[in-house]
1. Before I look further, what does the chain give for accessible area per residue, probe 1.4 Å, in whole square angstrom?
2. Would you tally the net charge around Gly13, using a Cβ to Cβ cut-off of less than 12 Å, leaving Gly13 out, and scoring K and R as +1, D and E as -1?
3. Out of (1) 1.01; (2) 1.04; (3) 0.94, which label holds the value of Rg/Rh (Cα atoms, Kirkwood Rh) that was computed here?
4. What is the magnitude of the charge dipole of the range 1-57 about its Cα centre, with +1 placed on the Cβ of each Lys and Arg, -1 on the Cβ of each Asp and Glu, and no other charges, expressed in debye to the nearest 20?
5. For the pair Trp56/Ala40, report the inter-label distance in nm, with labels modelled 7 Å from Cα in the Cβ direction.
6. Rounded to a whole number, what % of the accessible area of the chain do carbon and sulfur atoms account for, probe 1.4 Å?
7. Can you give the relative contact order of the chain as a percent, counting alpha carbon pairs under 8 Å and 6+ residues apart?
8. Loop-only GluC sites (Glu not before Pro) in the chain, please: DSSP not H, G, I, E or B, and at most 11 other Cβ atoms within 10 Å.
Amino acid sequence: MALLRVRKGSQPGAAYPVFSSRRPTVLGREGQIDIALGDAKASRRHACVALEHGEWILQDLQSSNGT
């Protein structure tokens, strides 16, 4: 199972499972997301993580502060 591990911010050390290799896992502050980020710098739908061609890809979802 793949995990996202927080390195900085309000929750350093926290780990979140990437839910599926079939669909992207969406990170953000609120709304329809899979992993909630407790950070005011995060957009509502900030980024997503997906498995593509055997590699994990992090994609910015047009966040205000970038990814």
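The values are calculated or read from the model by the stated rules, or taken from the named source; none is laboratory data. Since this is a predicted model, take the numbers as computed values, not measurements. Cβ placement follows ideal geometry from the backbone for every residue including glycine, while neighbour counts extend to all protein chains displayed. Areas reflect the complete protein model, heavy atoms only, side chains present, ligands, DNA and RNA absent. Shrake-Rupley method; radii C 1.70, N 1.55, O 1.52, S 1.80 Å.
1. With the other protein chains kept in place, the chain gives 74 Å² per residue.
2. Charge balance in the 12 Å sphere: +3.
3. Read-out from the structure maps to (3).
4. My answer is approximately 160 debye.
5. A separation of 3.0 nm, rounded to one decimal place.
6. On the way: 2400 of 4950 Å².
C and S atoms contribute 48 percent here.
7. Dividing the mean separation by the residue count of the chain yields 22 percent.
8. Listed in order of number, the matching sites are Glu30.
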